[in-house]
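The values are calculated or read from the model by the stated rules, or taken from the named source; none is laboratory data. Just so we're clear, the structure is a prediction, and the values are computed from it rather than from any experiment. As a convention, Cβ positions derive from the backbone with ideal geometry for all residues, glycine included, and neighbour counts pool all protein chains shown. Note: accessible area is taken over every heavy atom of the protein model, side chains too, but ligands, DNA and RNA are not part of it. Shrake-Rupley method; radii C 1.70, N 1.55, O 1.52, S 1.80 Å.
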Amino acid sequence: GVAQDWGRAVHWYTKASEQRCAGAQHNLGVCYANGKGVAQDLGRAVHWYTKAAEQGQAGAQCNLGACYANGEGVAQDWGRAVHWYTKA
C-alpha cells in the first residue's frame, strides 16, 4: 500500500473528474464537503456532486439531495432534494 495522502487523492480525483469519471467526481465532492486534501468548500462539493449525479452516480445523487435538504452549498430546496433522493 501507500501512505494516506488526501492532497494526492484530490489531485488524482481531479484528473479523473475532468475526464467525466462519475465515481471520481463523487469522491472529489466528498473531499470538498469534508475538507479532506482541500479547504472545505460546500459550493464546490455541490458542483462535483451534480456532475456525478447527472451521470447516474447514486452516491452523488443522495449527497446532492442532502445538500438541497439542508441548504449546504446551495439554497435549501425541498423539491430538488426529493428529486435527487428519488433518483438515488
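Computed values, structure above
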read-out: Neighbour net charge for V74 - beta-carbon separation under 13 angstrom, K R +1, D E -1; value: -1
read-out: Environment charge of G35, counting only residues whose C-beta is closer than 14 Å and scoring Lys/Arg +1, Asp/Glu -1; value: 0
read-out: Solvent-accessible heavy-atom area per residue, rounded to whole Å², over the chain at 1.4 Å; value: 58
read-out: Carbon/sulfur fraction of accessible area - the chain, other protein chains in place, 1.4 Å, %; value: 49
read-out: Ratio Rg/Rh, restricted to region 39-88 and using Cα atoms, in which Rh is the Kirkwood radius; value: 0.94
read-out: Value of relative contact order over the chain, rounded to a whole percent, pairs C-alpha under 8 Å and six or more apart; value: 21
read-out: Helix-only [θ]222 nm of the chain, DSSP H runs n ≥ 4, -39500 (n - 2.57) each, per residue, nearest 500; value: -21500 deg cm²/dmol
read-out: Max mean-square fluctuation residue, GNM over the chain, Cα-Cα springs under 10 Å, options Q61, Q76, Q25; value: Q76
read-out: Between 0 and 90°, nearest 10: helix 78-87 axis offset from the chain longest Cα axis; value: 60
read-out: Two-site label geometry, D5 and E54: point separation in nm, points 7 Å out along Cα→Cβ; value: 3.2
read-out: (i) 6.0; (ii) 5.4; (iii) 7.4, with the label sought being that of the calculated mean projected area of the Cα convex hull in nm²; value: (ii)
